[in-house]
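To keep things clear, I will list the structure first and then write my remarks on it.
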Amino acid sequence: MDKITVPKVKRFKGKKIITALTAYDFLTARIVDEAGVDIILVGDSVGTTVQGLNSTIPVKMEEMLYHTRIVSRAVKRALLVGDMPFLSYQTSESDAIRNAGLLLKEGAEAVKLEGGSSVAKLIEKLVVSGIPVMGHIGLTPQSVNLFGGYRIQGKTESKARRIIDDAISLEQAGVFSIVLEGMPEEVAAKITNSVNVPTIGIGAGRYCDGQILVITDILGMDPTFKPRFVKQYLNLYDEIKNAVSAYANDVENGKFPSEEHVFHLKKKE
Ligand code: KIV
């Protein structure tokens with residue numbers, strides 16, 4: 001098993017396309033890890049995918065610690081990244097270092113946080129404290145209220161320039177990779193060519209150093225959420241619903257449990 005580390009991810013740039021997925025629980029993380037995905041992110045998307053929230057903003061630090069802890073029990077090969085939820089790093093440098101450090105204590109090998117040049121100084125502090133940081137720019141979901149919705153960012157030349165500058169600031173601050181979310185692929189391509197750290201795209205087109213998606217999206221667990229940038233590989237919503245209906249039917253019709261599922265008294269002492 002070739003364990004994926006932060007330096008390895010950096011060395012992948014230009015040599016190997018990086019694969020990444022989110023995971024929030026032990027069993028799913030074990031499947032993702034055993035399938036050979038390079039990076040597993042315990043994303044604050046846990047809020048919308050697991051907790052039934054409308055955004056990631058209410059997700060709490062203790063919830064990220066819990067999900068990181070249970071995912072880390074499954075991950076053997078992939079690089080495990082823990083997401084910093086809203087208000088876990090914006091309040092002060094010491095809050096950011098403490099919270100990022102707590103994610104590492106739960107088994108994360110790096111943390112991810114949202115923002116460009118405005119968080120560059122903070123990232124420098126984290127990195128000198130021994131905490132590897134993955135950046136995240138473009139459509140950063142924790143800023144949904146500033147954006148007025150989940151809107152593709154960097155569509156004009158001046159806005160694209162700002163995102164490219166953000167990527168350069170993050171690289172200078174010491175990130176080992178940058179998630180590019182929700183932007184024209186031309187902008188993502190320019191960023192990928194402008195920085196020496198790998199870019200990992202989600203809704204950012206083809207010209208990134210890697211791709212990340214949310215596990216529940218590729219598995220088709222939510223029939224109400226099918227964004228253009230997702231490729232759905234399974235219809236798990238229908239698969240699970242059919243299985244659950246079949247089980248309920250069997251129980252109601254006395255077909256389950258049957259002989260093969262029951263225990264009997266010993267014939268003789
Ligand atoms: O929280 C998350 O899942 C993410 C990815 C979509 C990049 O930030």
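The values are calculated or read from the model by the stated rules, or taken from the named source; none is laboratory data. Keep in mind it's a predicted model, so treat the numbers as computed, not measured. All Cβ positions, even for glycine, are placed from backbone atoms using ideal geometry, and neighbour counts span all protein chains on display. Surface areas here come from the heavy atoms of the whole protein model, side chains and all, with no ligands, DNA or RNA. Shrake-Rupley method; radii C 1.70, N 1.55, O 1.52, S 1.80 Å.
Numbers for the structure displayed
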{"item": "Single residue of region 141-150 satisfying the filter (of a type in the set (S, T, N, Q) and surrounded by fewer than 20 Cβ atoms within 10 Å (Cβ to Cβ)) that is nearest to ILE191 (Cα to Cα)", "result": "SER143"}
{"item": "Helices (runs of 4 or more DSSP H) contained in region 131-229 and holding at least 3 residues within 27 Å of ILE97 (Cβ to Cβ) and not β-branched (Val, Ile, Thr)", "result": "157-173"}
{"item": "Selection from region 151-176 of residues that are under 22 Å from the mean Cα position of the chain (by Cα) and open to solvent by 70 Å² or more (accessible area, probe 1.4 Å)", "result": "ARG151, ILE152"}
{"item": "Condition check for LEU65: within 16 Å of the ligand (Cβ to nearest atom), touching a residue at least 12 places away in the same chain (Cβ under 8 Å) and closer than 15 Å to PRO132 by Cβ", "result": "no"}
{"item": "Number of positions in region 91-122 that are at negative phi, away from the ligand (no atom under 16 Å from the Cβ) and in contact with a helix residue (DSSP H, G or I) (Cβ under 7 Å, 6 or more places away or on another chain)", "result": "9"}
{"item": "Residue selected from region 230-242 under the condition in a loop (DSSP other than H, G, I, E, B) and in contact with an Asp or Glu (Cβ under 8 Å, 6 or more places away or on another chain), by the criterion farthest from the ligand (Cβ to nearest atom)", "result": "GLN232"}
{"item": "Of residues in region 37-57 being open to solvent by 30 Å² or more (accessible area, probe 1.4 Å) and touching a residue at least 24 places away in the same chain (Cβ under 8 Å), the one nearest to the ligand (Cβ to nearest atom)", "result": "THR49"}
{"item": "Within region 97-119, tally of residues that are touching a residue at least 12 places away in the same chain (Cβ under 8 Å) and either closer than 23 Å to ILE163 by Cα or of a type in the set (D, E, K, R) (or both)", "result": "11"}
{"item": "Single residue of region 178-219 satisfying the filter (on the phi > 0 side of the Ramachandran plot and in contact (Cβ under 8 Å) with a residue 40 or more places away in the chain) that is least open to solvent (accessible area, probe 1.4 Å)", "result": "GLY182"}
{"item": "Residues of region 13-33 classified as surrounded by fewer than 19 Cβ atoms within 10 Å (Cβ to Cβ), in contact (Cβ under 8 Å) with a residue 40 or more places away in the chain and more than 16 Å from the ligand (Cβ to nearest atom), total", "result": "6"}
{"item": "Unique match (being over 27 Å from MET134 (Cα atoms), aromatic (Phe, Trp, Tyr) and out of contact with any Cys (no Cβ under 8 Å at 6 or more places or on another chain)) among PHE256, PHE225", "result": "PHE256"}
